[in-house]
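Just below is one structure, and these are the notes that go with it.
The values are calculated or read from the model by the stated rules, or taken from the named source; none is laboratory data. No experiment lies behind these values; they were computed from the predicted model shown. With ideal geometry, Cβ positions are generated from the backbone for all residues, glycine too; neighbour counts draw on all protein chains shown.
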Amino acid sequence: MRLLNQCSASCYIILTALWLGITTLPLQGQPQSNLTQRSELDLVIGDRIGARPRFAVPNCLALTGDTQTEDAATTIASVLWSDLAFEREFLMVARDTTSTIPASRTLTDIPFDAWRELGADGVVSCSVSRVSEDELRVQARLFNIRSLESAFGVEYSGSLQNVRLYGHQLADEIHRHQTGLNGIARSHLSFISDRDSQSALGLVPDRQTKEVYVADYDGANIRRVTVTRTLNITPNLSPSGRSLAYTSYRSGFPDVVISHIYEGRMDTPAGGTERVHNWLPSFSPDGTQLAFNSNRDGNIDIYIMNVDGTGTRRLTNHPGIDTSPTWSPLGHQIAFTSDRSGSPQIYVVDIDGTGLRRITFESYCDRPTWSPAPYSEIAYASRTGPGFDIKVVDLATNEVRQLTFGQGSNESPSYSPNGRHLAFSSSRGNGDKQIYLIGRDGRGLKKLTSRGNNEMPSWSR
């Protein structure tokens, strides 16, 4: 930790990129997917209409007898099982019930009868071997237990730095192959946290300190992005996941900052002064623009600028307070919070400033987030008592559905890349703010964080 505390901003960005592993870096060691059984790609498991197939994921075979390979084999299988279970597209054979199944000796040595007795429709067979001191080869096949055929096959090779990534990659490929669903296993969440409990720099020693972090979608592999020892809030990951925009008070005033994580540099496209404050950045779907808040013209309104800070233009112009912009999936509209009607509500406006319409009609609504296609809805935080709950409004029907119900205060929703889940922060439990996931149907609640206070999640697209 001493080394990290002594790093400059650019140094820390580089370290963060290394810790992110092989997820998005176009470097040697990134897993390459090579379909080994192209003739098998049309075989979808499951012959009952409307029924979910039951899949089993035993431990991967460690083909080289060293501890790292054996640990990697166990980790990949565990991550894969959890990822497949999370989307609820498959029924999963519990891993602790497979001890009676004879261990396979090769990738294709499948005890079909034993798996059939456990009720499995498909089983993932996986092997892990060392290619070199710091490189792995992972091979996997999905077998149809009923037809005794291989339904799907892939091979990856890459670094030992982030073994979990192989399980995430395989889960996404199985989801896409078997259901046509774009999985979210390789996506990331950014959030802010006070977990490191560092004192603030400067003349005010008790000043609130929060830093920006990034984690895998399941809360694992948490990495710290900022080391400013000041207040950093409202992170927003770019569509590519390679850049992170957020509000930082490192200058003493709110600035819109972009950390280009994989390039080792940082920009301030909208710097603040004593008079001018800028905050709440939101990337456009193509990653070329930012919507943000500013009071530069004397009132708090929404502005749009290019990511390099050029081409700034004012989008809203009203005496009320307009905040929390979020882009539509195609980038043609922006939803935001405004108190122009007397209390904060959610509005939608075209990016040319026309077509303004009010979306919510409740006591207090804030922090909208627009769903990705194919869904057409906006999630937001709605005051339902002393705290807030997460609600969703269908833009076609104006129907509102509630996802959380009075357990603490639930705020700052953010959609998963496929629109099937939301991340949000909640004070349920002991009152600390933590990050949770929930399905857009209100099921599948999952807690991701536990250390310190963690809030304002943003899901990469």
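The table below gives the values:
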{"item": "Residue list for region 153-173, restricted to those being at pLDDT 95 or above and buried (at least 24 other Cβ atoms within 10 Å of the Cβ)", "result": "LEU165, TYR166, GLY167, HIS168, GLN169, LEU170, ALA171"}
{"item": "SER251 being under 24 Å from PHE424 (Cα atoms) and either outside any strand (DSSP E or B) or under 17 Å from the mean Cα position of the chain (by Cα) (or both)", "result": "no"}
{"item": "Qualifying residue in region 394-403 (condition: under 17 Å from SER324 (Cα atoms), touching a strand residue (DSSP E or B) at 6+ places or on another chain (Cβ under 6 Å) and not polar (S, T, N, Q))", "result": "no"}
{"item": "Tally of residues being closer than 15 Å to ARG443 by Cα and either over 23 Å from the mean Cα position of the chain (by Cα) or outside any strand (DSSP E or B) (or both) across region 388-406", "result": "3"}
{"item": "Unique match (being under 27 Å from GLY331 (Cβ atoms), in contact (Cβ under 8 Å) with a residue 24 or more places away in the chain, surrounded by fewer than 20 Cβ atoms within 10 Å (Cβ to Cβ) and in contact with a Lys or Arg (Cβ under 8 Å, 6 or more places away or on another chain)) among PRO417, PRO413, PRO374", "result": "PRO417"}
{"item": "Output for region 408-444, where each listed residue is within 15 Å of the chain's Cα centre (by Cα) and more than 24 Å from LEU231 (Cα to Cα)", "result": "TYR415, SER416, PRO417, ASN418, GLY419, ARG420, HIS421, LEU422, LEU437, ILE438, GLY439, ARG440"}
{"item": "Elements of type strands (runs of 3 or more DSSP E) in region 118-216, at least 1 residues being assigned by TED's automatic domain parsing to the domain that holds SER412", "result": "188-193, 211-216"}
{"item": "Of all residues in region 102-113 being assigned to a loop (DSSP other than H, G, I, E, B) and modelled with pLDDT of 90 or more, the one that is nearest to the chain's Cα centre (by Cα)", "result": "LEU107"}
{"item": "Residue within region 143-154 that is within 31 Å of the chain's Cα centre (by Cα) and free of Cβ contacts under 8 Å to residues at least 40 places away in the same chain present", "result": "yes"}
{"item": "Residues of region 58-69 satisfying the condition of being closer than 24 Å to ALA120 by Cβ and either surrounded by fewer than 18 Cβ atoms within 10 Å (Cβ to Cβ) or in the same structural domain as ASN221 (by TED's automatic domain parsing) (or both)", "result": "LEU63"}
{"item": "Restricting region 81-97 to residues that are surrounded by 17 or more Cβ atoms within 10 Å (Cβ to Cβ) and assigned to a loop (DSSP other than H, G, I, E, B), the residue that is nearest to the chain's Cα centre (by Cα)", "result": "GLU87"}
{"item": "Answer residue from region 445-461, given it is assigned to a loop (DSSP other than H, G, I, E, B) and under 11 Å from the mean Cα position of the chain (by Cα) and is modelled with the highest pLDDT among those", "result": "SER460"}
{"item": "Residues of region 242-257 classified as in contact with a strand residue (DSSP E or B) (Cβ under 6 Å, 6 or more places away or on another chain) and within 18 Å of ALA215 (Cα to Cα), total", "result": "4"}
{"item": "Pick from region 124-152, criterion of a type in the set (Gly, Ala, Ser) and modelled with pLDDT of 95 or more, ranking: surrounded by the fewest Cβ atoms within 10 Å (Cβ to Cβ)", "result": "SER129"}
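Residues are listed down the side, and each one gets a yes or a no for (1) outside the structural domain of GLN198 (by TED's automatic domain parsing); (2) surrounded by fewer than 19 Cβ atoms within 10 Å (Cβ to Cβ); (3) under 30 Å from SER197 (Cβ atoms):
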{"position": "ARG383", "(1), (2), (3)": "no, yes, no"}
{"position": "ALA396", "(1), (2), (3)": "no, yes, no"}
{"position": "GLU399", "(1), (2), (3)": "no, yes, no"}
{"position": "GLY408", "(1), (2), (3)": "no, no, yes"}
{"position": "ALA423", "(1), (2), (3)": "no, no, yes"}
{"position": "GLY431", "(1), (2), (3)": "no, yes, yes"}
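Here's the yes/no breakdown for (1) over 23 Å from ASP172 (Cβ atoms); (2) touching a Pro at 6+ places or on another chain (Cβ under 8 Å); (3) not in a loop (DSSP other than H, G, I, E, B):
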position	(1), (2), (3)
PRO386	yes, no, no
GLY408	yes, no, no
SER412	yes, yes, yes
PRO417	no, yes, no
ALA423	no, yes, yes
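Yes/no matrix, rows are residues, columns are (1) under 22 Å from SER412 (Cα atoms); (2) surrounded by fewer than 20 Cβ atoms within 10 Å (Cβ to Cβ); (3) touching a residue at least 12 places away in the same chain (Cβ under 8 Å):
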site	(1), (2), (3)
VAL257	yes, no, yes
ARG265	no, yes, yes
HIS277	yes, yes, yes
ALA291	yes, no, yes
SER294	yes, no, yes
GLY298	no, yes, no
ILE302	yes, no, yes
ASN317	no, yes, yes
